[in-house]
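Read through the structure below, which is laid out as structure tokens, and then see the notes.
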Amino acid sequence: MNLKKHTSTFLFVVIIVFFATSVNAQPARDSIDWQRYQDMAVKLMQQYLQVNTSNPPGNEIAAAKFLKAVFDEHGIQNEIFEYKPGRANIIARIKGNGNKRPIILASHSDVVTADPSAWEVDPFSGEIKGGYVYGRGALDMKGEGLLHLMAMILLKKEAGVLSRDVIFLATADEEVNNEGALWMIKNKAELFKDAEYLVTEGGDNLRAGDSIKFVGVDVAEKAPFWLQLIATGEPGHGSRPIADSASNRLVRAMARILEWQTPIKVLPAVEKFFKDIAPLQEEPWRTKFMNIRESLKDPAFAKDLTNEREYNFLVRNTISLTMLSGSKQTNVIPNVATCNLDVRLLPGEDPQEFLKALTAVVADPTLSIKNVNTFKPPNSSVVNTELFETIARVTKAHHPEALVTTKMLSGYTESQLYRQLGIIAYGWTPIYTTSEENEGVHGNNERIRVVDVRQGTRELYEVVSQIAR
Ligand SMILES: [Zn+2]
């Protein structure tokens, strides 16, 4: 080998490495005055929580106007859509060069109602106490919306040229009828339907003390398929029992439903979840979780696993008996008795097939079963994407101990609506709560750690700026 050639090759490699390193380095990352942006984030968080958008009635126009003022102040293009008096969505956009398809940061601006008498502070005070910002919506989901807002401000000021549009979308009425998101999809889809990715609520993270146990990216959700069982029969006096009364037949049917073990099915995202959390388990579960599909063929293990509430819903369609009604009086045998079932179907399930199977289990043709909600077919997003990788990389950089995995949600989020447009939708947020803090969601004393507002501002910006680089 010619020495001269060898040297020049070496130099060439050095230059390439140097060049590649400087290209990969995050632009302007170190020059960002984080202190300033994080102070701004905390202040805006308090203000956003002071906007009362309890739904009902919602009044999300107040939130839209608050957000608009911030966007206007920072020169970010935005538009409010008041689709009916007081109910409004807002969209904002930072344009990229169009090399890649947009990413949407989606949140809902309504919150559930709060009973002030059960709270330590006024639910709409945005008060800071003991390291937390308190307020209805702090976790569900004005906190995440605020991080989205901060990402927009940071992108505008600090990121330079983007490869894709970044779209901020805050919609009304998620907590009741999804009117806001449905209205946008029906009337304004041209503004966002070409997006490649969407990030919204649904991420399921777990903090234990100072360490982050896991960061669950929600890639699939189950779908509510609510049913009502109706039994009718001869009424009478409670002192003279009727063996096949409406309530008796209903209760027998309910007992058969309770006994029914719905079939176990393992979806790819769920398989990955068990594999990812296997190292956190004690034996023998560690080994079993590594190959959950095989392990579940063992009836004893399947029984143990499905006895755990947090795992059971991941591997099957579930049924909860919820509303019950019969007679209004102890001594009256009613002519109608009903029971509502909160059924949750796995992604890919056919509700009519489920209904057929359930009817067979009920095995009583005198009972009728009807669907009592608007069924939205369950769906899921692929896992192996640049976005998932970016979330994992950024999270690991800040929390090396955290496990980043895919967590299917038992509840419903609006990701289901956006996936139907072909958008890859994930539930993810860099807000890390303990199970106790999580109780604040739809409960009392909902609060977000000040440190999560500060650190989350940075982590969310890093993910969005890297995916839009
Ligand atoms: Zn929510």
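The values are calculated or read from the model by the stated rules, or taken from the named source; none is laboratory data. Just so it is clear, the structure is predicted and the values come from calculations on it, not from any experiment. FYI the Cβ positions are ideal-geometry reconstructions off the backbone, even for glycines, and counts take in every protein chain you see. For accessibility, only protein heavy atoms count, side chains too; no ligands or nucleic acids. Shrake-Rupley method; radii C 1.70, N 1.55, O 1.52, S 1.80 Å.
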Item to check | Residue among Ile230, Ile257 that is within 18 Å of Asn317 (Cβ to Cβ) and either touching a Cys at 6+ places or on another chain (Cβ under 7 Å) or among the β-branched types (Val, Ile, Thr) (or both) | outcome: Ile257
Item to check | Breaking point among (1) crowded, with 20+ Cβ neighbours inside 10 Å; (2) within 16 Å of the ligand (Cβ to nearest atom); (3) at negative phi, for Asp173 | outcome: (3)
Next on the checklist: Looking at Glu196, Glu190 in this structure, which one is in contact with a strand residue (DSSP E or B) (Cβ under 8 Å, 6 or more places away or on another chain) and surrounded by fewer than 22 Cβ atoms within 10 Å (Cβ to Cβ)?
Outcome noted: Glu196
Checklist outcome for this item: The one condition Asn331 fails out of (1) among the polar types (S, T, N, Q); (2) within 22 Å of Ala253 (Cα to Cα); (3) over 29 Å from the mean Cα position of the chain (by Cα) is (2)
Checklist entry - Is one or more of the residues making up region 303-321 open to solvent by 80 Å² or more (accessible area, probe 1.4 Å), closer than 21 Å to Val372 by Cα and out of contact with any Cys (no Cβ under 8 Å at 6 or more places or on another chain)? => result no
Checklist entry - Can you name the residue in region 289-302 that is in a loop (DSSP other than H, G, I, E, B) and not aliphatic (A, V, I, L, M) and, of all such residues, is surrounded by the fewest Cβ atoms within 10 Å (Cβ to Cβ)? => result Lys297
Checklist entry - What number of residues within region 219-241 satisfy the criterion of being at pLDDT below 95, part of a strand (DSSP E or B) and touching a Phe, Trp or Tyr at 6+ places or on another chain (Cβ under 9 Å)? => result 3
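Return the residue satisfying two criteria in turn: it lies in region 416-431 and is open to solvent by less than 10 Å² (accessible area, probe 1.4 Å) and modelled with pLDDT of 95 or more, and of such residues it is farthest from the ligand (Cβ to nearest atom).
Restricting to residues being open to solvent by less than 10 Å² (accessible area, probe 1.4 Å) and modelled with pLDDT of 95 or more, the top hit is Ile423.
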Item to check | Matching residues, region 177-187, being part of a helix (DSSP H, G or I), surrounded by fewer than 19 Cβ atoms within 10 Å (Cβ to Cβ) and within 16 Å of the ligand (Cβ to nearest atom) | outcome: Leu182
Checklist outcome for this item: Listed by first then second residue, the pairs whose first member lies in region 165-191 and is modelled with pLDDT under 95, whose partner is open to solvent by 40 Å² or more (accessible area, probe 1.4 Å), with beta carbons under 7 Å and at least 6 positions apart or on separate chains, are Val176/Pro56
Item to check | Residue list for region 242-285, filter: of a type outside the set (A, V, I, L, M), farther than 30 Å from Ser211 by Cα and not in a loop (DSSP other than H, G, I, E, B) | outcome: Ser247, Asn248, Arg249, Arg252, Arg256, Glu259
Checklist entry - Just wondering, is there one or more residues in region 440-447 that are buried (at least 21 other Cβ atoms within 10 Å of the Cβ) and among the aliphatic types (A, V, I, L, M)? => result no
Checklist outcome for this item: Every listed condition ((1) in contact with a Ser or Thr (Cβ under 7 Å, 6 or more places away or on another chain); (2) surrounded by fewer than 17 Cβ atoms within 10 Å (Cβ to Cβ)) holds for Leu155 save (2)
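Quick one: which strands (runs of 3 or more DSSP E) lie wholly within region 72-148 and hold at least 2 residues that are open to solvent by 10 Å² or more (accessible area, probe 1.4 Å) and either touching a strand residue (DSSP E or B) at 6+ places or on another chain (Cβ under 8 Å) or touching a residue at least 40 places away in the same chain (Cβ under 8 Å) (or both)?
Working: elements: 77-84, 87-94, 103-108, 132-134.
So the answer is 77-84, 87-94, 132-134.
Name the one entry in Pro268, Pro279 that is modelled with pLDDT under 95, over 28 Å from Gln228 (Cβ atoms) and exposed (fewer than 13 other Cβ atoms within 10 Å of the Cβ). Outline the logic, then answer.
Working: Pro268 fails: exposed (fewer than 13 other Cβ atoms within 10 Å of the Cβ).
Answer to the check: Pro279.
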